[in-house]
Every structure is written in structure tokens, then in C-alpha cells.
1. To test your reading of the geometry: what angle, between 0 and 90 degrees and rounded to tens, separates the Cα axis of helix A:86-123 from the longest principal axis of chain A?
2. If we sort B:78-89, A:83-94 on the protection proxy, mean other Cβ atoms within 10 Å, highest first, what's the order?
3. In terms of modelled amide H atoms, which long-range or inter-chain residues lie less than 5 Å from the amide H of B:Y22?
4. Using a label point 7 angstrom from Cα along Cα-to-C-beta, what distances in nm, from shortest up, separate A:G75 from the other copies?
5. Below 20 Å Cα-Cα, how many Lys pairs turn up in the protein assembly as shown? Only count pairs eight or more apart in sequence, or on different chains, if you could.
6. Quick one: label points 7 angstrom along Cα→Cβ at B:A121, distances to the other copies in nm, smallest first?
7. Angle check, please: helix A:25-37 long axis (alpha carbons) against the longest principal axis of chain A (alpha carbons), in degrees 0 to 90, nearest 10.
8. Based only on other Cβ atoms within 10 Å, what is the fewest-to-most ordering of B:Y51, A:Y22?
Protein chains: 2
Amino acid sequence: MKRPVPISGLGHLRVVIDQDVYVGPGRADLLERIAGMGSISAAGKSMGMSYKRAWGLVQALNEGFGAPLVETVRGGTRQGGARLTDLGLAVLNHYRAMEAKTETAIAGDVEALRALKSDIAERK
Amino acid sequence: MKRPVPISGLGHLRVVIDQDVYVGPGRADLLERIAGMGSISAAGKSMGMSYKRAWGLVQALNEGFGAPLVETVRGGTRQGGARLTDLGLAVLNHYRAMEAKTETAIAGDVEALRALKSDIAERK
DNA sequence: CCGCGATATGTTTCGAAGAACATATCGGTA
DNA sequence: TACCGATATGTTCTTCGAAACATATCGCGG
């Protein structure tokens with residue numbers, strides 16, 4: 001696998017809740033896609049990962065928090081699926097909020113660093 | 001290898017300058033220690049990594065920026081050593097600044113998340 | 001001119017993380 | 001009741017990165 005996908009943003013934020021669990025860009029994206037698609041496997045595939053890997057990440061979150069962020073259903077009318085619990089939604093929303101706040105907070109410094117680098121590139 | 005840098009902070013920030021280079025907690029710490037100890041190997045050892053690994057990180061930064069963040073000397077009166085260039089110092093300072101800004105920006109949300117989790121823990 | 005301490009690199013070994021493959025289970029529907 | 005799609009989970013195979021080990025170089029000081 002390759003590096004954490006450097007999305008279009010300025011940085012990657014990993015929020016450490018405690019020793020058992022954290023939330024980073026990948027986990028947040030996965031939660032978001034599960035919420036949107038109603039399926040762990042579909043969400044995982046859309047991010048280029050196997051069902052097993054996606055499922056493992058969900059487990060890590062559920063166990064880490066001590067309560068499910070994702071609820072799953074097997075069988076049933078829609079042949080199973082998954083959706084976010086209130087907790088899962090809360091975690092996702094907090095993460096997105098922190099991401100946004102961070103981006104604004106560091107925008108100036110990032111700009112300065114990028115300027116430093118392009119000065120170097122031009123000079124050569 | 002064990003993943004999370006157990007810092008005391010709220011989160012880990014990785015700042016993506018561009019596709020070639022980024023600065024994260026580990027690289028920043030390494031730069032700081034090089035500045036303080038005047039040696040790549042000493043700085044690396046103090047962080048529990050091999051000289052080779054430390055040297056590799058320095059290379060990645062130097063190459064990524066297109067100019068050295070760390071200057072090295074072989075032999076000489078002090079039997080070689082390393083120190084930060086102005087660029088290296090600038091990068092380090094910017095990173096620390098961004099770290100601080102981020103911590104203040106997200107403190108509230110982190111607190112909320114931790115509260116959510118301890119509510120769960122108590123309830124069981 | 002040899003040794004020391006630090007940088008600079010190559011080679012090999014090892015382990016962990018993920019991918020790939022294989023089942024098992026569930027519970028509706030046809 | 002056979003089937004389907006999705007969850008759930010175990011096992012094996014690959015791959016990639018780091019660790020470990022091994023040199024080579026540098027340049028002053030003794």
C-alpha cells in the first residue's frame with residue numbers, strides 16, 4: 001500500500017482520543033462513505049481496500065470506543081448493510097469540524113512553507 | 001514497529017508541503033534534536049532509531065525541499081556533526097507554530113470526544 | 001600515519017501489514 | 001428450500017519497510 005493519500009488539503013490530522021483509539025483521515029473517510037452507501041464492503045471498495053480491511057478498521061473504532069460507531073445488519077430485505085450510530089455520526093462530525101478548524105489555523109504557515117520551497121525551485 | 005508517537009498532545013499533525021515532501025511529528029522532533037545535539041546519529045539514537053533511519057529522514061527532507069535543512073560535516077576538529085540550516089530552522093519553527101495553533105483550535109472537540117468515551121466507559 | 005567519531009551507503013534479514021483466497025452465517029425473497 | 005448479497009472470520013501468501021550488519025570515507029589530533 002502506498003502512503004496516506006495526500007488529499008487536496010493542507011495536512012493530515014490524527015486525533016488521539018486515548019491509548020486505545022484514534023481518528024485519522026482514512027477512518028473518517030470510511031465512516032463517511034459507510035454513512036452514504038449503507039455498506040462496509042461498498043465503502044471499502046470505493047476507497048480501494050478489501051472488505052476485510054474496512055471491517056477491521058470499523059472493529060478498531062467500535063472496540064476502541066467501547067460502543068459501536070457502526071451498526072451492521074445481516075440478511076434482511078436489503079441483504080444486509082451497515083449504518084452509523086449516533087455515536088458514529090458524532091465522532092465523524094467532530095472530526096470534520098477539527099479538520100476545518102485546523103486548516104484555517106495553519107493556512108498561513110503552510111503558505112509560507114510552500115513559498116519557501118518555490119523560491120528554492122525557481123532559483124535552480 | 002509501533003505506530004503512534006505517544007506525545008502528550010491531542011493529535012498528530014502532518015503538514016503536506018507538496019507531493020514530494022511533508023513534515024510530521026517524527027521529522028520535526030528529529031530536526032529539533034539535531035539542532036540541540038549537533039549530530040544526526042545522537043539525535044536518532046535518542047529517539048530509538050538507527051543512524052541509517054535518521055539519515056534517511058534527513059535525506060527525504062533535504063531532497064524534498066530541493067535544498068538542505070540539515071548541513072553535515074565529516075571529520076574535522078569535532079569529528080563531524082550536523083546542524084540546521086536557516087531553512088531547517090524555519091521549517092521547524094513553522095511546524096511548532098502550526099502544532100500549537102492546532103492544539104488550541106481543536107481542544108474543545110477533543111474534550112467532547114473524550115467525554116463521550118468516558119460516559120460509555122462509566123455506563124458499563 | 002593511525003585512530004577516533006561521525007557521516008555516508010550497500011546488503012541482508014526479519015517481521016508486520018495488507019492482499020488474496022476460502023468459508024461460514026444470516027435472513028429475507030423467489 | 002435454494003439463492004443472493006452482505007456481514008463475519010480464519011488462513012495463507014506477498015510485499016514493503018525497518019532493523020541489523022557491514023563497510024567506506026572524511027579529516028583533525030595525537
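Only the coordinates and a few stated rules stand behind these numbers; no lab work does. In this text, all values refer to a predicted model and were calculated from it rather than measured experimentally. We place every Cβ from the backbone using ideal geometry, glycine too, and count neighbours over all the protein chains shown.
1. Approximately 20 degrees, to the nearest ten.
2. Details: B:78-89: 15.7, A:83-94: 17.8.
So the peptides B:78-89, A:83-94, ranked by packing, come out A:83-94, B:78-89.
3. Counting only residues 5 or more places away or on other chains, the set is B:I17.
4. Shortest to longest, the spacings are 7.9 nm.
5. Details: A:K2/A:K45; A:K2/A:K52; A:K2/B:K2; A:K101/B:K101; B:K2/B:K45; B:K2/B:K52.
Lysine pairs meeting both conditions in the protein assembly as shown amount to 6.
6. Values, ascending and in nm: 4.5.
7. That helix lies at roughly 40 degrees to the long axis.
8. Numbers: B:Y51 14, A:Y22 18.
Ordered from fewest to most neighbouring Cβ atoms within 10 Å, B:Y51, A:Y22 come out as B:Y51, A:Y22.
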